[in-house]
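Following: one structure in structure tokens, then a few remarks.
The values are calculated or read from the model by the stated rules, or taken from the named source; none is laboratory data. Everything quoted here is computed from the prediction, not taken from an experiment. Please note: Cβ atoms are built from the backbone with ideal geometry, for glycine as well, and neighbour counts cover all protein chains shown.
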Amino acid sequence: MCPELNDPTLPTSWRTSASPGGNPGSSDAIKLEEWQASENVTDLFSDTDNDGLPALLEYAGGQNPDSPETKGLVSITLDDSGTRYPVISFHQRIGADNVSFSAEQSRDLLDWRPGPLYLGRINNGDGTSSVLFRATQSTSTEPSRYLRIIASENRR
Ligand SMILES: [Ca+2]
Ligand SMILES: [Ca+2]
């Protein structure tokens, strides 16, 4: 579970530990305020390294706010379990729990609506997990569909 930060009744509140054996008696959470202090970040919308990632996403993805990134944090795949559904994922640093994710879909990039189904998180084994959302319509039903992930600051 995302320690002390989320509602245990919400599926999005649950995650694996950063360490394979877990961390009994301690927390692997990386608090946003402590990350901000260590990285000298005051504005979560700032992009001082001009890599297109605001500071909140640098935190969420475990990136360096002072160094441009070369790898993306969002990817699109197809869920190919019989019927093909587009899936969008965000590669979150495990423990960066002060950010919440949701997803929206659109047919025309103008009208965005909630609806993508939260599929859960997959531990990538490298300190990150993929946060997955699947479109409501399959590619055979709707060949053209746009997805986006929304990251929000989450502090309690
Ligand atoms: Ca940046
Ligand atoms: Ca960066």
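Just a yes or no: is a residue in the range 88-97 part of a strand (DSSP E or B) and surrounded by fewer than 15 Cβ atoms within 10 Å (Cβ to Cβ)?
no
Can you report the number of residues in the range 3-45 which are assigned to a helix (DSSP H, G or I), within 16 Å of ligand 2 (Cβ to nearest atom) and surrounded by fewer than 13 Cβ atoms within 10 Å (Cβ to Cβ)?
Count: 1.
Residues checked against (1) under 29 Å from residue 116 (Cβ atoms); (2) modelled with pLDDT of 90 or more:
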| residue | (1), (2) |
| --- | --- |
| 14 | yes, no |
| 32 | yes, yes |
| 40 | no, yes |
| 48 | no, yes |
| 62 | yes, yes |
| 69 | yes, no |
| 90 | yes, yes |
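How many of the residues making up the range 61-72 are under 16 Å from residue 40 (Cα atoms) and more than 6 Å from ligand 2 (Cβ to nearest atom)?
Selection size over the range 61-72: 2.
Under 9 Å between Cβ atoms, at least 6 apart or on separate chains: pull out the pairs that start in the range 62-76 with a residue that is over 24 Å from residue 104 (Cβ atoms) and polar (S, T, N, Q) and end on any residue that is within 13 Å of ligand 1 (Cβ to nearest atom) and part of a loop (DSSP other than H, G, I, E, B).
If the second residue must be within 13 Å of ligand 1 (Cβ to nearest atom) and part of a loop (DSSP other than H, G, I, E, B), the pairs left are 64/49; 67/49; 67/51; 70/51.
Among 121, 113, 93, which is away from ligand 2 (no atom under 16 Å from the Cβ) and either under 17 Å from the mean Cα position of the chain (by Cα) or over 24 Å from residue 147 (Cα atoms) (or both)?
121
In the list 104, 58, which residue meets the criterion of being within 25 Å of residue 19 (Cβ to Cβ), in contact with a Pro (Cβ under 6 Å, 6 or more places away or on another chain), not aliphatic (A, V, I, L, M) and not in a loop (DSSP other than H, G, I, E, B)?
None of the other options fit; the residue is 58.
If we keep just the residues of the range 46-84 that are within 10 Å of ligand 1 (Cβ to nearest atom) and loosely packed, with under 11 Cβ neighbours inside 10 Å, which is nearest to residue 133 (Cα to Cα)?
Across the range 46-84, the extreme among qualifying residues is 52.
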